[in-house]
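Okay, so here's the structure we're looking at.
The values are calculated or read from the model by the stated rules, or taken from the named source; none is laboratory data. All of these numbers come straight from a predicted model, not from anything done at the bench. For neighbour counting, all protein chains shown are included, and Cβ atoms are generated from backbone atoms with ideal geometry for every residue, glycine included. What goes into the accessible areas is simple: the full protein's heavy atoms, side chains included, and nothing from ligands, DNA or RNA. Shrake-Rupley method; radii C 1.70, N 1.55, O 1.52, S 1.80 Å.
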Amino acid sequence: MLGTKIGFDLGTTSIIANVDGKGIKINEPSVIAYDTFEEKVIAIGTEAYKMLGKNPDSVTVIQPIRDGNIFDYESLEQMMCYFIQKICGNQIFKPSVIACVPSKTNDIDKKTVTDLIISAGAARACVIEEPLAAALGAGISMKEPEGCLIVDIGGGTTDIAVITRGCVAVSDSVEIAGNTFDDDICRFARRERDTIIGTVTAEKVKKQVGAAKFLDAELAVRAVGKDYISKLPKSIELTSTDVFLCIREHLEKIVDSIKLLLSRTQPELVADIIRNGMIITGGGAMIRGIDEYFQNKFGFNVRCAEKPAHCVANGLGVLLDDIRVLEENGYVFRSYADIT
């Protein structure tokens with residue numbers, strides 16, 4: 001196949017690109033900044049993220065993907081065009097692209113995303129479900145006939161799926177994930193400490209002291225915001241216990257979603273899951289003790305994948321090595337001729 005082969009993990013918070021034979025070459029925030037008055041792009045990715053929550057009126061900062069759904073197609077197309085150009089440069093042949101979307105995405109939206117990628121500069125494009133790529137990135141074989149339960153806790157959505165023989169047997173996607181936990185921390189600071197903090201600060205707190213259980217050695221970090229009453233600058237201390245207490249309700253909702261999915265799963269696959277356990281992937285898997293939290297809820301083995309934030313991208317790398325496997329499993333590549 002002529003041209004570079006690229007796998008894109010189109011996440012709510014970040015876009016990761018795995019290039020065939022070269023590994024992960026792009027890992028940047030899914031953010032784009034425009035000049036408000038001239039309506040031209042001034043920054044994409046990391047540089048645009050630095051402006052988030054700090055931009056003046058002359059700059060508009062947009063996150064094209066929210067809660068797993070594409071909010072602004074034009075902005076996403078410009079971002080994809082930028083990243084494809086960054087990877088391919090002035091190559092004669094256009095690349096072939098595989099992209100991931102949440103498991104609940106319908107066929108019409110998948111087709112729209114495929115067309116968008118082709119318009120951004122791809123020769124051919126195919127869209128697959130995130131849990132499938134996450135399973136491959138966690139080491140699950142495409143040819144393994146046994147069922148495996150994948151819980152991919154990303155930025156905007158948590159994708160839950162039972163994978164067997166390289167296909168999604170049953171899946172669901174809930175809009176509860178890392179961004180929801182950030183909002184929980186913001187609400188906790190306002191309600192319990194009378195302090196307003198931004199989502200960027202909340203995300204830093206989650207990464208530094210986030211926990212899904214009561215830790216034996218409690219962690220603490222200082223967060224700076226402004227007083228809810230006086231609006232003056234204020235610094236507060238947030239602990240791992242604070243984070244666990246404020247995100248616990250949404251962790252329970254993820255548990256309920258997993259239970260509902262298991263109730264719709266074939267008995268033989270459930271037997272495989274009890275034997276093989278659950279694998280947690282995505283950035284949410286890095287919350288301390290989250291594997292123990294789910295294991296206590298379900299009673300079977302739960303483990304966090306190695307490098308969980310890169311599981312989807314690494315899984316795409318597995319598929320890039322042999323794209324024919326996708327076609328054999330019913331996934332269709334579209335080209336420019338198809339969208340015209």
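For the range 282-303, what are the residues that are out of contact with any Lys or Arg (no Cβ under 7 Å at 6 or more places or on another chain) and open to solvent by 50 Å² or more (accessible area, probe 1.4 Å)?
M286, R288, Q295, N296, K297, G299, N301, R303
Any idea which of F188, F214 is in a helix (DSSP H, G or I), among the aromatic types (F, W, Y) and over 23 Å from the mean Cα position of the chain (by Cα)?
F188
If a residue has to be touching a Leu at 6+ places or on another chain (Cβ under 6 Å) and assigned to a loop (DSSP other than H, G, I, E, B) to count, how many in the range 1-30 make the cut? Outline the logic, then answer.
Within the range 1-30, the subset touching a Leu at 6+ places or on another chain (Cβ under 6 Å) is 5, 7, 18, 20.
Subset that is assigned to a loop (DSSP other than H, G, I, E, B): 20.
Summing the residues that are touching a Leu at 6+ places or on another chain (Cβ under 6 Å) and assigned to a loop (DSSP other than H, G, I, E, B) in the range 1-30 gives 1.
Residue pairs, Cβ under 6 Å, 6 or more apart or interchain, first in the range 186-201 and in contact (Cβ under 8 Å) with a residue 60 or more places away in the chain, second in a loop (DSSP other than H, G, I, E, B). List them.
Cβ pairs passing all conditions: G198/G53; V200/G53.
Take the residues of the range 89-100 that are closer than 19 Å to R334 by Cβ and open to solvent by 10 Å² or more (accessible area, probe 1.4 Å): which is modelled with the lowest pLDDT?
The extreme case among them is F93.
Show the residue pairs that are 6+ apart or on different chains and have beta-carbon atoms under 6 Å apart, the first residue being within the range 131-159 and among the polar types (S, T, N, Q), the second being part of a loop (DSSP other than H, G, I, E, B).
Going by the 6 Å Cβ cut-off, the qualifying pairs are T157/G68; T157/P102; T157/E175; T157/A177; T158/I176; T158/A177.
Quick one: is R264 at negative phi, open to solvent by 10 Å² or more (accessible area, probe 1.4 Å) and under 23 Å from the mean Cα position of the chain (by Cα)?
Criteria not met by R264.
Tell me, which residue of the range 15-71 that is hydroxyl-bearing (S, T, Y) and crowded, with 18+ Cβ neighbours inside 10 Å is farthest from D322 (Cα to Cα)?
The residue in question is Y34.
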